[in-house]
1. Using helices alone, I'd like the mean residue ellipticity at 222 nm for the protein assembly as shown: each DSSP H run of four-plus residues gives -39500 (n - 2.57), total over residue count, nearest 500.
2. List, in order, the whole-Hz ³J(HN,Hα) value for each residue of the range B:174-185 obtained from phi through the Karplus relation with A = 6.51, B = -1.76, C = 1.60 and θ = phi - 60°; use x for Gly and Pro.
3. So if I place +1 on the C-beta of Lys and Arg and -1 on the C-beta of Asp and Glu, and nothing else carries charge, what would the dipole magnitude of the range B:336-478 be about its Cα centre? I want it in debye, nearest 20.
4. So what J values fall out for the range B:193-198 if you push phi through Karplus, 6.51 cos²θ - 1.76 cosθ + 1.60 with θ = phi - 60°, rounded to Hz, Gly and Pro as x?
5. Pop out the ³J(HN,Hα) list for the range A:57-63 in order, Karplus 6.51 cos²θ - 1.76 cosθ + 1.60 with θ = phi - 60°, rounded to Hz; leave Gly and Pro as x.
6. Between the range B:382-411 and the range B:208-243, what is the C-alpha centre distance in whole Å?
7. Using mean Cβ contacts within 10 Å as the protection proxy, how do B:107-119, A:54-66, B:335-347 order, highest first?
8. Just going by the charge dipole of chain A, with Lys and Arg at +1 and Asp and Glu at -1 on Cβ, which of A:His76, A:Pro60, A:Ser21 is farthest out on the positive end?
Amino acid sequence: MKQKIRTFIFDELIFVAEPDSFSDDADLLEAGLDSMGIMRLIMFIEEQFGVTLPDAEIDPDNVKSFNALEQWILGHQK
Amino acid sequence: MNIVSHFLQQCAKSPEKWAFVEAEQYISYQQFQARVAKIATYLQQQSAQGCCIAIALERGINAASCIYGILSAGAIYLPLDIKNPAPRLNFIINDAQPKYIIGLGTAPHWLKANEKWLDLTDILHTTADFHLSDVSASALAAILYTSGSTGTPKGVALSHSALLNFCHWAQQTFHIDATARLASLTPFHFDLSIFDLFTSLAAGASVYFIPAPLTLAPSRLSTWLSDQQITVWYTVPSILSFLALKGSLHDTPLPKLKQLLFAGEVFPSAQLITLTNLLPQTELYNLYGPTETNVCCYWRIERAQLTTTQNIPIGKPACQANLSINPETQELLVNSPSNFSGYWQAGKLHALQTSDYPTGDKVSRNAQGEYCYHGRLDRMLKCSGYRVEPAEIEHNINQLTGIAACAVVGIKDKTSGQRPVAAVVLKPGADLATSIKPLRQQLAAYMQPCQFITLANLPVLSNGKTDYQAIQSLFNKP
């Protein structure tokens, strides 16, 4: 799951010179993930993994890193 | 007339009223004036009238105090985007040659000209001996740096009379009075902030700064707008799209929100329709105009006219602007009392030779006589609401050691606006990842290309110029 999200973010949303050395805890917001990017990311995640991420939980804390995203999604997968 | 004078009149009328609210900090008109007076006095003692003063602070009460203090002293404010990379900030400081740079605490490590640094805390400990400096109508008030087509940022210089003309128009058109509560999100180096900073206090209204993390938490943003009983908000379509699609507006209706104004980029119609359905009581307005003209055209959203297949018009002239269309190129020309005075370069104003500002935007008029926008005549992009010249990105990429040539174009973002992408030609032996690594430190986040491709050569037209359309098509492949 994390790999799919990584590929989507690095191909479509933000550019980093060396995606492989971008750690799962590194700050995605600092790297340039903005409100439009988050919106596309959520649509991608919901479609790919069949989860519904509640609007009320969209928050910097849940999208700040790959690990945070994974925790957030796992909490909503049945 | 000094633009600050309207604020002083309101201050005399209702000194106890809140001027600005930032998180838990509430500051009244009187308290705000006391801070402004100290900053103005300090600058007057340093004979700063007519000088450019840079501000290195986040959007908020401190920065607003500096802006009003600088203007009260007859000086010109230059708000820096402190999130910019150090080379860009230092370029702007070298170009603008401000007399001082005001911030908080000691000079930041990125600043080369640290002898110009002033700590706001020290100034606020001084004693005020306030009088408002007289300024002529053409005196400059603000310098806002934007991306430049020559590869480096350029400073748009705006006069007191240009700002006053806009504020007067906005106050009349949107009926802003002392009962208004404005939400403010725009950084002060963006021209949208002129509304938040000046139309507000000239009308005796209160300004509520939106906490930055809320832009990434749309439901909390809706709740905040509701709790603060915001009545007016002027912002960019990208944040409104986010609010419309993910902001739980079904559960958090905003009946107090009377007006929503937006500008900066085209609002995708589908998202706009969603938003208008969720905000049945709110009047929405599409405002248009580059930084050089401020708002010169506006359209009140007619809900019945919205369709998903058509972009909304930019509407009718605003701010007493005279608009015309170049018959050959369809370019919109703007002659407005809110037009800028010229570009600020190498520490001084380069005044304009002509009163018609060519916007670079292609327009037409519809059957109702309203203006409609059809894109750029040049290569300028709109990324996250920021205006971005591909030439500025190319200028930075071309300076990297491993790069022989490059071309930057925009691809359409699926939600709103565009994103820059780059085609590069590497020098022999260089690899892409290593070559472009330094870009992260050189370009602001919204200027970072989101994709790179490498080519053996850049495609060229028969006249030898780079074929940007061909490059564009390489990125548009599925």
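1. Working: 17 runs with 160 residues, N = 556.
Counting only the DSSP helices, I get -8500 deg cm²/dmol.
2. Karplus values, whole Hz, x for Gly and Pro: 9, 6, 7, 9, 5, 7, 6, 10, 9, 8, 10, 10.
3. On the way: 15 positive and 10 negative charges, 50 e Å.
For this selection, approximately 240 debye.
4. Calculated HN-Hα couplings, in order: 5, 4, 5, 4, 7, 10 Hz.
5. 9, 6, 7, x, 4, 8, 10
6. If you average the Cα positions of each part, the centres end up 31 Å apart.
7. Numbers: B:107-119: 14.8, A:54-66: 18.0, B:335-347: 20.1.
Highest to lowest by the protection proxy: B:335-347, A:54-66, B:107-119.
8. A:His76
The values are calculated or read from the model by the stated rules, or taken from the named source; none is laboratory data. None of the values given here were measured: they were computed from a predicted structure. No Cβ is skipped: glycine too gets one built from the backbone with ideal geometry, and neighbour counts run over all protein chains shown. Heavy atoms of the whole protein, side chains included, go into the accessibility calculation; ligands, DNA and RNA do not. Shrake-Rupley method; radii C 1.70, N 1.55, O 1.52, S 1.80 Å.
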